[in-house]
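Here is the structure we will look at.
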Amino acid sequence: MVVTLNYRLNMFAFGDGDGEKNLALSDQRAALEFVRQHIGGFGGDPRNITLAGESAGAVYVHAHMVMGVPMRQAVLQSGSLYLSPPIPEARAKDIVARIEDRLSLNGSPGLREASAEDILNAQADLGLVSLFLRMEPGLEKWRDELGHAERLLIGDCEYESAIWRNGVEALSAESICRSFDLLGDESASLKAMYGIHPGRPASCKIGALDLLHDVRFTVATEKIVEQWHAQGRHVFRYLVDEANPWQPSNRAHHTVDLPLLFGGFDLSFNSGAYRVSSVMSRKWIEFSAGMTPWEVKGYYAFGPLGNSMLIDEDGFAVRRRKRHCDAIKKIGVDRVDEVWKALAINNVSFEN
């Protein structure tokens with residue numbers, strides 16, 4: 001039984017600085033409470049809730065997990081709080097103030113009186129593509145809290161950094177080099193590993209996109225998996241490597257898992273994608289039903305070329321940049337994250 005949730009977005013979820021904040025979380029909690037109270041009337045089990053989300057949805061699911069929202073299982077597809085951490089209240093207030101100033105310049109009243117269209121226009125004028133969570137008491141220890149879920153399904157697509165492709169393509173090789181140079185003495189080894197060189201602009205852009213994926217997806221997922229294993233909880237990790245069935249040259253980009261999982265499109269024209277879609281949807285159903293979709297110690301790879309299989313550590317190292325990720329962890333994820341911010345902030349685009 002599947003229930004989908006609607007919730008507020010943008011500034012309408014962020015809050016105006018005076019009243020309640022993180023209104024999207026409030027909307028989702030209200031929907032979950034409704035499900036718990038009434039799903040039995042539809043033949044469902046209120047004690048067996050699996051909360052699932054992809055990208056921003058996964059960020060919210062992770063937030064509910066660490067805040068202790070009751071659920072039996074969780075699914076984090078291509079996202080977690082590591083992708084979009086809660087922002088400090090000082091920065092949140094600055095964002096609200098900037099929106100207020102822009103509304104004033106546009107001749108609109110304040111946030112509480114302005115129309116939805118005016119607020120969205122002000123947000124667009126400031127280049128605020130997306131607004132996620134503000135820090136609040138229940139999120140302060142999000143890196144350490146696991147919540148009450150008994151089982152977790154978590155993974156990523158091979159080319160998640162496609163959402164920064166347009167922005168990174170506009171950067172010069174020199175700008176990318178300067179971002180890596182934020183690491184000081186340790187920048188040289190990481191630049192060599194990612195192919196960052198001022199005389200090689202194409203290599204710089206590919207390397208920058210690789211690092212964006214590695215820091216906020218692969219390394220972040222590894223951290224969560226390690227925490228769950230340390231507490232003896234069941235966590236199932238997957239990789240989506242099946243390329244976009246309509247344009248395979250776009251690789252297994254961010255969100256390509258959704259049409260494969262839900263099967264809302266006729267994929268019979270691409271036999272590989274069709275086979276992966278069938279296996280993937282079955283595995284998600286098995287997990288949601290409390291079954292074991294694959295061995296906990298392995299990784300399940302969906303694709304490429306229509307092949308789905310359980311792989312080991314060596315197989316994972318072939319499909320993801322494990323050596324690069326190990327180097328990031330050795331330098332320090334928080335330090336390398338400064339490079340990530342320099343490359344990614346204001347460069348995200350969903351028109352890639």
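How many residues does the range 171-195 hold that are more than 25 Å from residue 330 (Cβ to Cβ), in a helix (DSSP H, G or I) and not hydroxyl-bearing (Ser, Thr, Tyr)?
2
From 276, 318, which residue is without any contact (Cβ under 8 Å) to a residue 40 or more places away in the chain, surrounded by fewer than 13 Cβ atoms within 10 Å (Cβ to Cβ) and part of a helix (DSSP H, G or I)?
Answer to the check: 318.
Looking only at residues that are buried (at least 16 other Cβ atoms within 10 Å of the Cβ) and out of contact with any strand residue (DSSP E or B) (no Cβ under 8 Å at 6 or more places or on another chain) in the range 284-315, which one is farthest from residue 228 (Cα to Cα)?
The selected residue is 306.
Condition first: in the same structural domain as residue 92 (by TED's automatic domain parsing), farther than 30 Å from residue 108 by Cα and without any contact (Cβ under 8 Å) to a residue 24 or more places away in the chain. Can you find one or more residues in the range 125-139 that meet it?
Yes; the residues of the range 125-139 include at least one that is in the same structural domain as residue 92 (by TED's automatic domain parsing), farther than 30 Å from residue 108 by Cα and without any contact (Cβ under 8 Å) to a residue 24 or more places away in the chain.
Anything in the range 96-117 that is in contact with a Gly (Cβ under 9 Å, 6 or more places away or on another chain) and not in a loop (DSSP other than H, G, I, E, B)? List them, or say none.
The answer is 96, 97, 100, 103, 104.
Being of a type in the set (Gly, Ala, Ser) and closer than 18 Å to residue 348 by Cβ narrows it down to one residue among 107, 79; which is it?
79
Condition test on residue 267, is it without any contact (Cβ under 8 Å) to a residue 60 or more places away in the chain, in a loop (DSSP other than H, G, I, E, B) and surrounded by 19 or more Cβ atoms within 10 Å (Cβ to Cβ)?
Yes: the conditions hold for residue 267.
Which numbered condition trips up residue 198, out of (1) within 22 Å of the chain's Cα centre (by Cα); (2) assigned to a loop (DSSP other than H, G, I, E, B)?
Single failed check for residue 198: (1).
Those residues that are touching a Gly at 6+ places or on another chain (Cβ under 9 Å) and β-branched (Val, Ile, Thr), I need them from the range 256-304; list them, please.
Within the range 256-304, 276 is the sole residue that qualifies.
Which residues, taken from the range 33-65, are buried (at least 19 other Cβ atoms within 10 Å of the Cβ), hydrophobic (A, V, I, L, M, F, W, C) and part of a helix (DSSP H, G or I)?
58, 59, 61, 63, 65, listed by residue number.
Taking the range 67-95 as the search range and keeping residues that are surrounded by fewer than 20 Cβ atoms within 10 Å (Cβ to Cβ), in contact (Cβ under 8 Å) with a residue 60 or more places away in the chain and part of a helix (DSSP H, G or I), which one is nearest to the chain's Cα centre (by Cα)?
95
Going by the structure shown, is residue 251 over 27 Å from residue 307 (Cα atoms), basic (Lys, Arg) and touching a strand residue (DSSP E or B) at 6+ places or on another chain (Cβ under 9 Å)?
No.
Can you tell me which residue within the range 211-245, out of those that are over 30 Å from residue 269 (Cα atoms) and among the acidic types (Asp, Glu), is nearest to the chain's Cα centre (by Cα)?
By that ranking, first place goes to 214.
Taking the range 154-166 as the search range and keeping residues that are farther than 16 Å from residue 219 by Cα and surrounded by 20 or more Cβ atoms within 10 Å (Cβ to Cβ), which one is nearest to the chain's Cα centre (by Cα)?
163
The values are calculated or read from the model by the stated rules, or taken from the named source; none is laboratory data. A quick note: this is a predicted structure, and the numbers were derived from the prediction, not measured. Positions of Cβ are backbone-derived with ideal geometry, glycine not excepted, and every protein chain shown enters the neighbour counts.
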